[in-house]
Amino acid sequence: EAQVTQNPRYLITVTGKKLTVTCSQNMNHEYMSWYRQDPGLGLRQIYYSMNVEVTDKGDVPEGYKVSRKEKRNFPLILESPSPNQTSLYFCASSLTPPGLAHNEQFFGPGTRLTVL
Amino acid sequence: DQQVKQNSPSLSVQEGRISILNCDYTNSMFDYFLWYKKYPAEGPTFLISISSIKDKNEDGRFTVFLNKSAKHLSLHIVPSQPGDSAVYFCAASRGTASKLTFGTGTRLQVTL
């Protein structure tokens with residue numbers, strides 16, 4: 001089954017404790033992105049990757065790191081989480097650029113992160 | 001600065017009627033516009049899209065209209081069904097289309 005998986009689905013942590021949210025896709029997609037969803041702000045792109053070892057900043061990259069060492073994986077790293085990073089996070093992948101018309105971007109189920 | 005805006009946080013429509021969801025944008029450089037649907041506890045799913053060279057795109061019950069001069073797009077759902085109840089996000093991109101800017105979302109409730 002074609003899918004994007006994220007782990008963990010839920011995470012409660014404390015300020016300053018480094019964490020990683022994993023993302024994996026089995027569709028051999030070139031493009032992958034991370035988004036966060038917050039009430040009243042919609043979805044905002046954090047980082048995106050066009051291929052292995054090629055990443056770039058989205059609209060809200062501060063406080064996050066990513067890496068793309070393999071095509072299928074795109075982990076999101078919070079080196080020193082803060083309470084303002086409490087959010088619902090989505091990973092997504094697509095064969096072509098995510099903003100292209102007629103292109104379908106597949107989203108994972110989401111990771112709800114709480115930073116105390 | 002919110003470049004893509006959905007000014008109606010919620011909308012309620014009777015089953016069988018037309019649902020019209022609106023989206024405004026400020027960046028005239030946007031080339032592509034997309035709509036996503038999101039159910040609770042799931043990731044968004046792609047619904048329909050349109051490029052700036054067109055003013056209308058249709059897919060079954062869903063039609064997207066683009067008015068470039070007004071920097072406005074709308075999604076029409078006809079007829080609306082209870083399964084359409086979800087949060088709808090519009091999104092826009094430009095150039096290489098790797099960067100995608102979403103609106104704040106509109107929650108659609110289709111009532112019986």
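The values are calculated or read from the model by the stated rules, or taken from the named source; none is laboratory data. None of the values given here were measured: they were computed from a predicted structure. With ideal geometry, Cβ positions are generated from the backbone for all residues, glycine too; neighbour counts draw on all protein chains shown. We work out accessible area using only protein heavy atoms, side chains counted, and drop any ligands, DNA or RNA first. Shrake-Rupley method; radii C 1.70, N 1.55, O 1.52, S 1.80 Å.
Pick from B:Lys37, B:Lys71, B:Lys99 the residue whose mean-square fluctuation is largest in a GNM of chain B, springs joining Cα atoms under 10 Å.
Answer for the Gaussian network model of chain B: B:Lys99.
Please compute the Cα-Cα pair-distance distribution of chain B with 5 Å bins starting at 0, giving whole percents from short to long.
2, 13, 24, 25, 20, 10, 5, 1, 0
Just to check, using Stokes-Einstein with a Kirkwood Rh over alpha carbon pairs, what's the diffusion coefficient of the range A:40-108 at 10 °C and 1.306 mPa s in µm²/s? Before the final figure, lay out each step's value.
On the way: Rh = 13.2 Å.
Result for D is 121 µm²/s.
Taking chain B as a Gaussian network, Cα atoms linked when under 10 Å apart, which of B:Leu66, B:Leu11, B:Leu21 shows the biggest mean-square fluctuation?
B:Leu11
Compare B:Arg17, A:Arg44, A:Arg112, A:Arg68 by solvent-accessible area with a 1.4 Å probe and give them largest first, with all protein chains kept in place. Kindly include the intermediate steps, with their values, before the conclusion.
Values: B:Arg17 145, A:Arg44 65, A:Arg112 120, A:Arg68 5 Å².
Output order, biggest surface exposure first: B:Arg17, A:Arg112, A:Arg44, A:Arg68.
In the full protein assembly as shown, how much of A:Met27 is accessible to a 1.4 Å probe, in Å² to the nearest 10?
Its accessible surface works out to 40 Å², give or take rounding.
Quick one: of B:Lys37/B:Lys68; A:Lys71/B:Lys99; B:Lys5/B:Lys68; B:Lys71/B:Lys99; A:Lys17/B:Lys38; B:Lys5/B:Lys38, which pairs are farther than 21 Å apart, Cα to Cα? Mind showing how you got there, number by number?
On the way: B:Lys37/B:Lys68 23 Å; A:Lys71/B:Lys99 19 Å; B:Lys5/B:Lys68 15 Å; B:Lys71/B:Lys99 19 Å; A:Lys17/B:Lys38 31 Å; B:Lys5/B:Lys38 17 Å.
Pairs exceeding 21 Å: B:Lys37/B:Lys68; A:Lys17/B:Lys38.
Over the whole of B:97-109, what's the average partner chain Cβ count within 10 Å per residue? Rounded to a whole number, please. Don't jump to the answer; show the numbers that get you there.
Values: counts 9, 15, 10, 15, 7, 8, 3, 6, 6, 1, 0, 0, 0.
Per residue, the number of nearby Cβ atoms from other chains is 6 on average.
Whole-Hz ³J(HN,Hα) for each residue in the range B:43-58, computed from phi via Karplus 6.51 cos²θ - 1.76 cosθ + 1.60 with θ = phi - 60°, x for glycine and proline: what do you get?
x, x, 10, 5, 10, 6, 9, 8, 9, 5, 7, 10, 10, 7, 9, 10
Whenever you get a sec, compute what percent of the accessible area on chain B sits on carbon and sulfur atoms (1.4 Å probe).
Working: 2570 of 5310 Å².
Ligands and nucleic acids excluded, carbon and sulfur give 48 percent.
Pull up all non-local amide H partners of A:Gly42: gap of 5 or more, or a different chain, and H-to-H distance under 5 Å with H placed in the peptide plane.
For A:Gly42, whose amide H was placed from the backbone, there are no distant partners under 5 Å.
Would you list which aspartates and glutamates come within 15 Å of B:Lys54, measuring only between C-alpha atoms, while excluding same-chain residues fewer than 8 positions from it?
B:Asp31
Write down the accessible area per residue of the protein assembly as shown in Å², having rolled a 1.4 Å probe over the full set of protein chains. Before the final figure, lay out the partial values.
Numbers: 10680 Å² over 228 residues.
Per residue, the protein assembly as shown has 47 Å² of solvent-accessible surface.
Viscosity 0.890 mPa s, temperature 25 °C: Stokes-Einstein D of the protein assembly as shown from its Kirkwood Cα radius, in µm² per second? The partial results should precede the final answer.
Working: Rh = 17.9 Å.
Answer, rounded: 137 µm²/s.
What value in Å³ per residue do you get for the convex hull of the alpha-carbon atoms in the range A:1-67?
118
List the lysines whose Cα lies under 21 Å from the Cα of A:Lys18, skipping any in the same chain that are fewer than 8 positions away.
A:Lys57, A:Lys65, A:Lys69
Cα atoms only, chain A: Rg and Dmax in Å?
Final numbers for Rg and Dmax: 13.3, 41 Å.
How well do other chains shield peptide B:39-50, expressed as the mean number of their Cβ atoms within 10 Å of each residue Cβ? All intermediate terms of the calculation are to be shown ahead of the outcome.
On the way: counts 0, 0, 5, 5, 14, 9, 4, 9, 1, 2, 6, 2.
Mean number of neighbouring Cβ atoms from other chains: 5.
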